[in-house]
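Trainee: Pasting in a structure now, in structure tokens, and then I'll have a few things to ask.
The values are calculated or read from the model by the stated rules, or taken from the named source; none is laboratory data. Just so it is clear, the structure is predicted and the values come from calculations on it, not from any experiment. Here the Cβ positions follow ideal geometry from the backbone for every residue, glycine too, while neighbour counts run over all protein chains shown.
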Amino acid sequence: MEYRRLGRTDLKVSVICLGTMTWGQQNTEAEGHEQMDYALDQGVNFFDTAEMYSIPPKPETQGSTERIIGNWFKARGNRDKIILASKVVGRGTSDWLRDDKGPTRVTRAQIREAVDKSLKRLQTDYIDLYQIHFPERPMPWGSNPTRFSKAAFERPADETPIAEQLDAFAEIVKEGKIRHLGLSNESAWGTMSFVRDSETRDGPRVQSIQNAYNLLNRTFETALAEIAIREDVGLLAYSPLAQGFLTGKYLDGAKPAGARTTLFDRGQRYQVAGAEDAIKGYIALAREAGLDPAQMALAFVNSRPFVTSNIIGATRMEQLKTDIASIDVTLSPELEAKIDAIHQLVGNPCP
């Protein structure tokens, strides 16, 4: 396993991060524990979760993933071996997350409530990296769209300024409940605003940004990649297999039993015009190179200099083993050039 520094911290995280959002719906607690045991044995020391998980979000399963992780920590006694990331939700209408049953916002009171509840479920005293799941301000889906959306940039009267968010996180860092701060589903403007404001006040500096990044969505490269490198705010890439679409299992309208899109019909991001042709192109290229399509897609993400860690997720152990083994796959310059040639033609169909 390879390890990279998390932002400007003293933490070294594995290039492969174990995503957990299926535990509690698609996966049982026992299966989640099996995945964590195997990942740790393979050198994975970085787990990512969220107060909202498991997915799809709903009141009866909210927090189930954190509880599964907490029970694993208690049973194994190995909290010190894991760098743990979780998240507080941003602006939203999920009224089951807060005690007052109101809409979610990134306010001092809501951050504190979310942190305390996550710590209890996780059965730990601290969270290594605490991320804002999606911004407090209204944002377009994906945060880095390929087309402008005026409605998405409206400024509501109850928007919490970034400086106030940082002040709230600073209090909780000083209390030792969280160690470091990260962003998720964030834009270039938002990331630099957090960096700027953290440097002018006694607040935690942002150490990472968790955005979607895969062969069908390379929008991170257009502005955020430079920020990641110059400001040491590395990418934690989620959906590196485009919710499984880059494996080819959904081609030609296939609906494999037990697959996420089959069960929950939540794959619309990867079912847009142009997506299937792009997927077929990448899969054909992988086979031409003698590679598993999933491992080629993951190896591409692993190899990017602005990526700190690649968040994989699996519902079956054979998927998990394939995904973690991508760390041993190296793409030749010639293969990277062929990947770029496809991208030149298809662009980013799934931002």
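Trainee: Taking Leu6 and the conditions (1) under 19 Å from Phe264 (Cβ atoms); (2) surrounded by 24 or more Cβ atoms within 10 Å (Cβ to Cβ), which numbered condition does it fall short on, given that it satisfies the others?
Mentor: All conditions are met except number (1).
Trainee: From the list Val307, Val272, Val233, exactly one residue is touching a strand residue (DSSP E or B) at 6+ places or on another chain (Cβ under 8 Å) and either at positive phi or surrounded by fewer than 23 Cβ atoms within 10 Å (Cβ to Cβ) (or both). Which is it?
Mentor: Values: Val272 fails: touching a strand residue (DSSP E or B) at 6+ places or on another chain (Cβ under 8 Å); Val233 fails: either at positive phi or surrounded by fewer than 23 Cβ atoms within 10 Å (Cβ to Cβ) (or both).
Being touching a strand residue (DSSP E or B) at 6+ places or on another chain (Cβ under 8 Å) and either at positive phi or surrounded by fewer than 23 Cβ atoms within 10 Å (Cβ to Cβ) (or both) holds for just one of Val307, Val272, Val233, which is Val307.
Trainee: Would the range 196-203 turn up any residue that is touching a helix residue (DSSP H, G or I) at 6+ places or on another chain (Cβ under 9 Å), buried (at least 19 other Cβ atoms within 10 Å of the Cβ) and outside any helix (DSSP H, G or I)?
Mentor: Looking through the range 196-203, at least one residue is touching a helix residue (DSSP H, G or I) at 6+ places or on another chain (Cβ under 9 Å), buried (at least 19 other Cβ atoms within 10 Å of the Cβ) and outside any helix (DSSP H, G or I).
Trainee: Touching a Pro at 6+ places or on another chain (Cβ under 9 Å), modelled with pLDDT of 85 or more and not β-branched (Val, Ile, Thr): which single residue out of Glu136, Glu154 fits that description? If you could, list the steps in order and put the result at the bottom.
Mentor: On the way: Glu154 fails: modelled with pLDDT of 85 or more.
Exactly one of Glu136, Glu154 is touching a Pro at 6+ places or on another chain (Cβ under 9 Å), modelled with pLDDT of 85 or more and not β-branched (Val, Ile, Thr), namely Glu136.
Trainee: Looking only at the range 295-315, count every residue that is over 23 Å from Ser184 (Cβ atoms) and either in contact with a Ser or Thr (Cβ under 7 Å, 6 or more places away or on another chain) or without any contact (Cβ under 8 Å) to a residue 24 or more places away in the chain (or both) and tell me the total.
Mentor: At the first step, the residues of the range 295-315 found to be over 23 Å from Ser184 (Cβ atoms) are 295-296, 299.
Still in the list and also either in contact with a Ser or Thr (Cβ under 7 Å, 6 or more places away or on another chain) or without any contact (Cβ under 8 Å) to a residue 24 or more places away in the chain (or both): 295, 299.
Total satisfying the criteria: 2.
Trainee: Return the total of residues in the range 310-319 being over 16 Å from the mean Cα position of the chain (by Cα) and either buried (at least 21 other Cβ atoms within 10 Å of the Cβ) or hydroxyl-bearing (Ser, Thr, Tyr) (or both). Let's see the steps before the verdict.
Mentor: Here is the first cut: in the range 310-319, the residues over 16 Å from the mean Cα position of the chain (by Cα) are 315-319.
Add one more test, that the residue is either buried (at least 21 other Cβ atoms within 10 Å of the Cβ) or hydroxyl-bearing (Ser, Thr, Tyr) (or both), and what stays is 315.
Residues meeting the conditions: 1.
Trainee: Here is a list of conditions, (1) surrounded by 13 or more Cβ atoms within 10 Å (Cβ to Cβ); (2) modelled with pLDDT under 95, and Asp95 meets all of them except one; can you say which number that is?
Mentor: The one condition Asp95 does not meet is (1).
Trainee: Follow-up question, since we're still on this one. Of the residues Leu285, Leu246, which is crowded, with 20+ Cβ neighbours inside 10 Å, under 30 Å from Ser14 (Cβ atoms) and not small (Gly, Ala, Ser)? Steps first, answer last, please.
Mentor: Values: Leu285 fails: crowded, with 20+ Cβ neighbours inside 10 Å.
Checking each option against the conditions leaves just Leu246.
Trainee: Also, quick follow-up: Six or more apart or on different chains, Cβ atoms under 7 Å: show the pairs whose first residue is in the range 106-129 and over 16 Å from Lys174 (Cα atoms) and whose second is in a helix (DSSP H, G or I) and of a type in the set (Val, Ile, Thr).
Mentor: Close Cβ pairs (under 7 Å, with a partner that is in a helix (DSSP H, G or I) and of a type in the set (Val, Ile, Thr)) amount to Leu122/Ile69.
Trainee: Based on this model, can you work out whether Ala228 counts as at pLDDT 95 or above, among the aliphatic types (A, V, I, L, M) and surrounded by 18 or more Cβ atoms within 10 Å (Cβ to Cβ)?
Mentor: Numbers: at pLDDT 95 or above: yes; among the aliphatic types (A, V, I, L, M): yes; surrounded by 18 or more Cβ atoms within 10 Å (Cβ to Cβ): yes.
Considered against the rule, which asks whether it is at pLDDT 95 or above, among the aliphatic types (A, V, I, L, M) and surrounded by 18 or more Cβ atoms within 10 Å (Cβ to Cβ), Ala228 comes out as yes.
Trainee: Out of all the residues in the range 112-128, which are hydroxyl-bearing (Ser, Thr, Tyr) and buried (at least 18 other Cβ atoms within 10 Å of the Cβ)?
Mentor: Ser118, Thr124, listed by residue number.
Trainee: Return a yes/no flag: does the range 169-176 have any residue that is under 23 Å from Ser198 (Cβ atoms) and touching a residue at least 60 places away in the same chain (Cβ under 8 Å). Explain how you work it out, then say what you get.
Mentor: Here is the first cut: in the range 169-176, the ones under 23 Å from Ser198 (Cβ atoms) are 169-176.
With touching a residue at least 60 places away in the same chain (Cβ under 8 Å) added as a condition, the list becomes 171-172.
Yes.
Trainee: Further, regarding this structure: So, Ala109, is that one more than 22 Å from the chain's Cα centre (by Cα), surrounded by fewer than 16 Cβ atoms within 10 Å (Cβ to Cβ), of a type in the set (A, V, I, L, M) and under 19 Å from Gly203 (Cα atoms) or not? Full working, then the answer.
Mentor: Numbers: more than 22 Å from the chain's Cα centre (by Cα): yes; surrounded by fewer than 16 Cβ atoms within 10 Å (Cβ to Cβ): yes; of a type in the set (A, V, I, L, M): yes; under 19 Å from Gly203 (Cα atoms): yes.
Yes: the conditions hold for Ala109.
Trainee: Filter the range 61-100 down to the residues that are acidic (Asp, Glu) and out of contact with any strand residue (DSSP E or B) (no Cβ under 9 Å at 6 or more places or on another chain) and list them by number.
Mentor: The first filter runs over the range 61-100 and keeps only residues acidic (Asp, Glu), leaving 66, 80, 95, 99-100.
Asp80, Asp99, Asp100, listed by residue number.
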